[in-house]
Amino acid sequence: MTFMETVWSGALLRLFVSALVSALLGVFAGAVSGLALFAAILLSALALHLRQMQRLVSWAKQPAGTEAAEVSGPWSLVYGYLNRRVRNGQVAQMELKRQLKRFRQGSEALPDGIITLRPGNIIDWFNPAAERHLGLRRGMDEGAALTNLVRQPDFVSYLEKNAGGRNSEPQVIRSVRQPGLTLSLQIIEFGANQSLLLTRDISAVDRLETMRRDFVANVSHELKTPLTVVKGFVETLQEMDLRQEADDAQSYLLMVQEQASRMQHLVEDLLTLAGLETGNLPASEDQVSLSGLLAEVRAEAEALSGGRHFIDSTAVDGCMVLGCRQELRSAFANLTSNAVRYTPDGGHIRLEWCKTAQGGEFSVVDDGIGIEAQHIPRLTERFYRVDRGRSRESGGTGLGLAIVKHVLTRHQAELVITSTPGQGSRFSVRLPKARVRG
Ligand code: ADP
């Protein structure tokens, strides 16, 4: 039975009983008494309904979500329905609150900054990442104009250009307040007259891009010089009478060969570096005999020195290193060839190996030109040289220590450099215990 059917049948039943009782009274006590009783019953029913309506009006004035009092009689059904609506509303509201809380928690955990803006770039709300990126203060800056808080000109002009929340192309800005911080900004249309400003920290990508640009510029520069020399000599040779100027031609050809081998070394080092950088696989686990490796590296250094230096090495008794033989050989050879190239004639170079509590240490010690302290942290950067001219003269590519660093990283080893200008240097490779046997 529907609600109205229940109400109507209840009311009709009550009317019928009242009329019956009043008619019976009219039969036994006279028509006037019967009518009076009927009128009294109707009046009391009317009073009851008026009172319930008044309670309903006062309930309607209460704050939304307040439940109505429990009553009995025909109105109990009305109140029951109303209370059910209130309870359903409460449940829906709690669910909304829960969802809003989850959305806020989610956006607070985001690494990207989000700021909701009203017209005039007035801040509505922002998350902690936006707080960090733009130096805003939560609980204080809401309601303020963002362009008054962040006054950096390119930031302000981006916001003004995209005012009105039109979806914008992202723009990169370098923070003036926080040097080293690069942000990507984007405005997104959102709701009526509202916009979202997204901020993303792209400092790492920006640094990589700068490094890439520098690298390409460096490689081009390194190749340009020998290429110009080679081109110049080839042109001269073309114009020469080779039968009559055979001696000059021979010396020019030697210089061409020298520049060609310089370019060849550079390309070889670049390929080695690229191979180390792209090879994500860990260094292979050969059992590398240290005495054999040191003997090879020492022989190479002696050949490079051509008897201009005193070179010796400590004895290595049956020690083995776990790693990639070719990579380790390239790293150790780079360190020894540097010692030869940066030590004046008559200097001493020593290759040392010792086992330590942490593993093992291979060192190349020289009494050469040494390095000033401020250069040491940058020596492993690609193309970083203390003296560009001297490096080139001695056949350097500026990539040797970058290669060493990569090889060592792949072997969980580290490079420790100590040096005194004018007295010499020590380049030590510290290998972890897990890589040393014997
Ligand atoms: P390069 O090919 O120029 O030698 P490296 O990467 O091998 O490049 O070395 C970087 C720079 O470190 C060199 O240009 C040089 O200035 C300095 N350097 C390296 N080894 C030594 C050393 N044993 N003594 C003095 N300076 C050194």
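The values are calculated or read from the model by the stated rules, or taken from the named source; none is laboratory data. Keep in mind it's a predicted model, so treat the numbers as computed, not measured. Glycine also receives a Cβ, built like all others from the backbone with ideal geometry; neighbour counts cover every protein chain displayed.
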Legend entry - Tally, over the range 168-201, of residues that are assigned to a loop (DSSP other than H, G, I, E, B) and either more than 20 Å from Leu146 (Cβ to Cβ) or not aliphatic (A, V, I, L, M) (or both): 10
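Yes/no per residue for (1) over 17 Å from Ser195 (Cα atoms); (2) of a type in the set (Ser, Thr, Tyr); (3) at pLDDT 95 or above:
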residue: Val86; (1), (2), (3): yes, no, no
residue: Gly89; (1), (2), (3): yes, no, no
residue: Leu110; (1), (2), (3): yes, no, no
residue: Pro119; (1), (2), (3): no, no, no
residue: His133; (1), (2), (3): yes, no, yes
Legend entry - Check on Val156, of a type in the set (A, V, I, L, M, F, W, C), surrounded by 12 or more Cβ atoms within 10 Å (Cβ to Cβ) and touching a Lys or Arg at 6+ places or on another chain (Cβ under 9 Å): no
Inset, instruction - Please state which one of Val436, Val416, Val429 is modelled with pLDDT under 95, closer than 17 Å to Phe362 by Cβ and hydrophobic (A, V, I, L, M, F, W, C). - result: Val436
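Residues checked against (1) within 30 Å of Arg212 (Cβ to Cβ); (2) surrounded by 13 or more Cβ atoms within 10 Å (Cβ to Cβ); (3) modelled with pLDDT of 95 or more; (4) of a type in the set (D, E, K, R):
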| residue | (1), (2), (3), (4) |
| --- | --- |
| Val316 | no, yes, no, no |
| Glu327 | yes, yes, no, yes |
| Ala331 | yes, yes, yes, no |
| Ala339 | no, yes, yes, no |
| Arg350 | no, yes, yes, yes |
| Ala357 | no, no, no, no |
| Asp367 | no, yes, yes, yes |
| Phe383 | yes, yes, no, no |
Inset, instruction - Considering (1) modelled with pLDDT of 90 or more; (2) in a helix (DSSP H, G or I), say which one Gln287 fails and leave the rest. - result: (2)
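Right, Val17: in a helix (DSSP H, G or I) and surrounded by fewer than 11 Cβ atoms within 10 Å (Cβ to Cβ) or not?
Numbers: in a helix (DSSP H, G or I): yes; surrounded by fewer than 11 Cβ atoms within 10 Å (Cβ to Cβ): no.
For Val17, the condition - in a helix (DSSP H, G or I) and surrounded by fewer than 11 Cβ atoms within 10 Å (Cβ to Cβ) - is not met.
For the range 81-92, indicate whether the set of residues that are touching a residue at least 40 places away in the same chain (Cβ under 8 Å), part of a helix (DSSP H, G or I) and touching a Gly at 6+ places or on another chain (Cβ under 9 Å) is non-empty. Write out each step before concluding.
If we filter the range 81-92 for residues that are touching a residue at least 40 places away in the same chain (Cβ under 8 Å), which is where we start, we get 81.
If we keep only those that are part of a helix (DSSP H, G or I) as well, we get 81.
Next, only the ones that are touching a Gly at 6+ places or on another chain (Cβ under 9 Å) stay: none.
So far as the range 81-92 goes, no, none of its residues is touching a residue at least 40 places away in the same chain (Cβ under 8 Å), part of a helix (DSSP H, G or I) and touching a Gly at 6+ places or on another chain (Cβ under 9 Å).
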Inset, instruction - Enumerate the strands (runs of 3 or more DSSP E) found wholly within the range 302-404, keeping only those where 2 or more residues are within 10 Å of the ligand (Cβ to nearest atom) and in contact (Cβ under 8 Å) with a residue 60 or more places away in the chain. - result: 359-366
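Among the candidates Leu149, Leu77, Leu56, single out the residue that is modelled with pLDDT of 90 or more, surrounded by 12 or more Cβ atoms within 10 Å (Cβ to Cβ) and out of contact with any Gly (no Cβ under 7 Å at 6 or more places or on another chain). Explain how you work it out, then say what you get.
Details: Leu77 fails: modelled with pLDDT of 90 or more; Leu56 fails: modelled with pLDDT of 90 or more.
On inspection, the qualifying residue turns out to be Leu149.
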Inset, instruction - Among the numbered conditions (1) touching a helix residue (DSSP H, G or I) at 6+ places or on another chain (Cβ under 6 Å); (2) more than 7 Å from the ligand (Cβ to nearest atom); (3) in a strand (DSSP E or B); (4) under 25 Å from Glu268 (Cα atoms), tell me where Ser428 comes up short. - result: (1)
Inset, instruction - Any chance you could count how many residues in the range 166-188 are over 22 Å from Gly135 (Cα atoms) and surrounded by 15 or more Cβ atoms within 10 Å (Cβ to Cβ)? - result: 1
Inset, instruction - Please go through the range 134-146 and pick out each residue that is loosely packed, with under 15 Cβ neighbours inside 10 Å and within 24 Å of the chain's Cα centre (by Cα). - result: Gly135, Arg137, Arg138
Legend entry - Number of the exception - Val407 against (1) more than 8 Å from the ligand (Cβ to nearest atom); (2) free of Cβ contacts under 8 Å to residues at least 24 places away in the same chain; (3) crowded, with 16+ Cβ neighbours inside 10 Å; (4) not acidic (Asp, Glu): (2)
Inset, instruction - Select from the range 411-425 the residues that are crowded, with 20+ Cβ neighbours inside 10 Å and more than 8 Å from the ligand (Cβ to nearest atom) and write down the one among them that is farthest from Thr356 (Cα to Cα). - result: His411
Legend entry - Residue list for the range 198-226, filter: among the charged types (D, E, K, R), within 13 Å of Val172 (Cα to Cα) and in contact (Cβ under 8 Å) with a residue 60 or more places away in the chain: Arg200, Asp201
Legend entry - Given (1) over 30 Å from Ala23 (Cα atoms); (2) out of contact with any Asp or Glu (no Cβ under 9 Å at 6 or more places or on another chain), index of the condition Leu37 fails: (1)
Legend entry - Which numbered condition Asp124 fails, given (1) surrounded by 12 or more Cβ atoms within 10 Å (Cβ to Cβ); (2) under 30 Å from Ser9 (Cα atoms): (2)
